[in-house]
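Asker: Got a structure for you, written out below as structure tokens; questions coming shortly.
The values are calculated or read from the model by the stated rules, or taken from the named source; none is laboratory data. Note that this is a predicted model, so its numbers are computed, not measured. Note that we place each Cβ from the backbone using ideal geometry, even for glycine, and neighbour counts take in every protein chain shown.
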Amino acid sequence: MRLTTPETIRTLQRKLYRKAKQEPGYRFYALYDKVYRPDILAHAYRLVKAAGGCAGADGRDFEDIEGNEGVVEFLTELGDALRNKSYRAEAVLRRMIPKGKGGERPLGIPTIRDRVAQMAAKIVLEPIFEADFRDCSYGSRPKRTAHQAIDVIAEGMHQGYTQVIDADVSKGIIAFLRHAFMPTMACTKCPRPRDGRRKRTPCDEEHRKAVCGKIASTV
């Protein structure tokens, strides 16, 4: 089921996308209060429910939330927790699922409460980072599908191209990027935390150069 994004949210997303597209180096400061906006949380809940999925570690599914607590109360509590910054993510339920070529892959299942919070953040942040993607990128993007990517490949074959490169990222590279590169990612779009004197903390240039050097040598 395809849900229609409310116009108030679409207006916000268009503004964020245009700003990010027009000023690639711009840092967005006032975003957190958008995440717990009632209309965004309500839409996030609808999206999470439409995606389906089982209950997380707390055992609460959609029937339990809607039949006992109620959606309004559920979202009000979540919004209050996000607003006063008392929100804490809950434990993730782990399930092992079979892989196509043998073996198993770990699957983490967050609680519905955490999935709604994550979806709300996605609604706000996605248009900002969407502006950075190239037109040839199709993975996990709105209104983009794997079938569209296949169509582009087929069109390339008709134009005379004869080779397709299939690459995957190994677990070792993922672990390296997570620990070495991810700490610098927040520097590109979001403001750094402030210290007690309310002065902005400068980026650690030595760490940045060290990390960039490692990644360059690895690639």
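Asker: State the number of residues belonging to the stretch 74-90 that are outside any helix (DSSP H, G or I), in contact with an Asp or Glu (Cβ under 9 Å, 6 or more places away or on another chain) and of a type in the set (K, R).
Answerer: Residues in the stretch 74-90 being outside any helix (DSSP H, G or I), in contact with an Asp or Glu (Cβ under 9 Å, 6 or more places away or on another chain) and of a type in the set (K, R): 0 in total.
Asker: For the stretch 92-126, name all the residues that are surrounded by fewer than 16 Cβ atoms within 10 Å (Cβ to Cβ) and in contact with a strand residue (DSSP E or B) (Cβ under 8 Å, 6 or more places away or on another chain).
Answerer: Matches in the stretch 92-126: V92, R94, R95, M96, I97, P98, K99, E104, R105, P106, L107, G108.
Asker: Just one of R134, R144 is in a loop (DSSP other than H, G, I, E, B), of a type outside the set (S, T, Y) and exposed (fewer than 10 other Cβ atoms within 10 Å of the Cβ); which is it? Spell out how you get there, then give the answer.
Answerer: Details: R144 fails: exposed (fewer than 10 other Cβ atoms within 10 Å of the Cβ).
Of the residues listed, the single one that is in a loop (DSSP other than H, G, I, E, B), of a type outside the set (S, T, Y) and exposed (fewer than 10 other Cβ atoms within 10 Å of the Cβ) is R134.
Asker: Further question: Might you let me know whether the stretch 119-127 holds any residue that is modelled with pLDDT under 95, more than 19 Å from G56 (Cα to Cα) and not in a helix (DSSP H, G or I)?
Answerer: No, the stretch 119-127 contains no residue that is modelled with pLDDT under 95, more than 19 Å from G56 (Cα to Cα) and not in a helix (DSSP H, G or I).
Asker: Taking the stated definitions as given, is T76 under 17 Å from the mean Cα position of the chain (by Cα) and surrounded by 10 or more Cβ atoms within 10 Å (Cβ to Cβ)? If you could, list the steps in order and put the result at the bottom.
Answerer: Details: under 17 Å from the mean Cα position of the chain (by Cα): no; surrounded by 10 or more Cβ atoms within 10 Å (Cβ to Cβ): yes.
Judged against the criteria, T76 is not a match.
Conditions tested, residue by residue: (1) under 30 Å from T76 (Cβ atoms); (2) modelled with pLDDT of 90 or more.
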{"position": "G139", "(1), (2)": "no, no"}
{"position": "E155", "(1), (2)": "no, yes"}
{"position": "T162", "(1), (2)": "no, no"}
{"position": "F181", "(1), (2)": "no, no"}
{"position": "K189", "(1), (2)": "yes, no"}
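Asker: Please verify whether A57 is surrounded by 13 or more Cβ atoms within 10 Å (Cβ to Cβ), free of Cβ contacts under 8 Å to residues at least 24 places away in the same chain and over 22 Å from T8 (Cα atoms), treating the condition exactly as stated. So that I can check it myself, show each step before the final result.
Answerer: On the way: surrounded by 13 or more Cβ atoms within 10 Å (Cβ to Cβ): yes; free of Cβ contacts under 8 Å to residues at least 24 places away in the same chain: no; over 22 Å from T8 (Cα atoms): yes.
No; evaluated as a whole, the condition is false for this residue.
Asker: Name the residue, out of D33, D58, D39, that is assigned by TED's automatic domain parsing to the domain that holds V72, among the acidic types (D, E) and part of a loop (DSSP other than H, G, I, E, B). Quick ask: steps written out before the conclusion?
Answerer: Values: D33 fails: part of a loop (DSSP other than H, G, I, E, B); D39 fails: part of a loop (DSSP other than H, G, I, E, B).
The unique qualifying residue is D58.
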